[in-house]
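Here the structure comes first, spelled out in structure tokens, and everything after it is commentary.
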Amino acid sequence: MKRHLVKWWRNSQLGKISPSRPRALIVLRQSPNWEDGTSILEEAEAYDRLIGRPIGFARGFIELWNKTFATNFFQVRQNLKKITLANFMAVKNADWAQLSELQQKPEIAADIILFSDDDDWFSPLIVKDLEGLPTEIGGVTWPSVRYDGAFQLRKDVYCYTNNYALLAPAQKEPSWIELYAQHGGADACFHKRAMVKTTQVGSLLSVTNKHPASTVTIEKMLARTPGRDGLVQLVEEYVCRGKVNRPVPELQWSEQFAAQTVELFASLKTR
């Protein structure tokens, strides 16, 4: 856990809430140490079951990637994670923690909770943009932006990867972390079960990054173009789009992270 959060939690246990408590907490969902490829492969079957894919699915595309590119799959994902953590650090009045840390010490929760995967991005001003909502609001969504080398605005209000936040009323339920940590569960609580009062804002506050090392992206490409050729085509198309597309002014904050991601894939060499 980051030192900042440890200090706040200890003070709260002593009855002294530190003024340095973050206004918002970005919670990183399950995110492995990508550099430990051996452990990831050992857990590949559990991942297959988690995402509802046949056993051998994850190991298969990882091994194909490593045979195709000189930079292995794990290093690419670790580099993507570094870009994302740099983005988290740029968010004003926010701190971040792993989901496992929040589960162990829910006391570290802040007024605004933002869940994310380890390859997506938030606006540096998201906390300011979410302030001032009515006190009875427990959940808020905003338009989801998908980046696959080009920026695509989704038109529905579904809770996608990182386009929703939890406010104080939603954190009163004892099992709130389990209910809302995954975006499918959050959407069910927001829109189907109506467990909390929700609202929508129109600002573009986050981007979900559908890059060539994303599981679903790889799956779709290999279904269309199997084998090595599919992976090479996937990377080439992403880089090609990324070099000519620029974000709309409201997404200008994301341009540096998009450029770094495109450069990462542009640097890949085939074996």
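The values are calculated or read from the model by the stated rules, or taken from the named source; none is laboratory data. Just so it is clear, the structure is predicted and the values come from calculations on it, not from any experiment. Here Cβ is always computed from backbone atoms with ideal geometry, including for glycine, and neighbour counts include all displayed protein chains.
What to note about this one:
- Residue within segment 132-140 that is modelled with pLDDT of 95 or more, more than 29 Å from residue 77 (Cα to Cα), of a type in the set (Val, Ile, Thr) and part of a loop (DSSP other than H, G, I, E, B) present: yes
- Residue-level analysis places residue 80 outside the set of residues that are surrounded by fewer than 19 Cβ atoms within 10 Å (Cβ to Cβ), of a type in the set (A, V, I, L, M, F, W, C) and part of a helix (DSSP H, G or I).
- Residue selected from segment 195-228 under the condition of a type in the set (Ser, Thr, Tyr) and out of contact with any strand residue (DSSP E or B) (no Cβ under 9 Å at 6 or more places or on another chain), by the criterion surrounded by the most Cβ atoms within 10 Å (Cβ to Cβ): 214
- Any hit, segment 191-208, residues being in contact (Cβ under 8 Å) with a residue 24 or more places away in the chain, basic (Lys, Arg) and more than 25 Å from residue 85 (Cβ to Cβ): yes
- Considering residues of segment 177-217 that are charged (D, E, K, R) and part of a helix (DSSP H, G or I) only, the residue modelled with the lowest pLDDT: 192
- Residue 41 surrounded by fewer than 17 Cβ atoms within 10 Å (Cβ to Cβ), on the phi < 0 side of the Ramachandran plot and touching a Lys or Arg at 6+ places or on another chain (Cβ under 7 Å): yes
- Residues in segment 39-79 that are within 20 Å of the chain's Cα centre (by Cα) and in contact (Cβ under 8 Å) with a residue 24 or more places away in the chain: 40, 51, 58, 73, 74, 75, 76, 77, 78, 79.
- Residue 12 modelled with pLDDT under 90 and hydroxyl-bearing (Ser, Thr, Tyr): yes
- For segment 102-114, the count of residues that are without any contact (Cβ under 8 Å) to a residue 24 or more places away in the chain and either part of a helix (DSSP H, G or I) or among the aliphatic types (A, V, I, L, M) (or both) is at least one.
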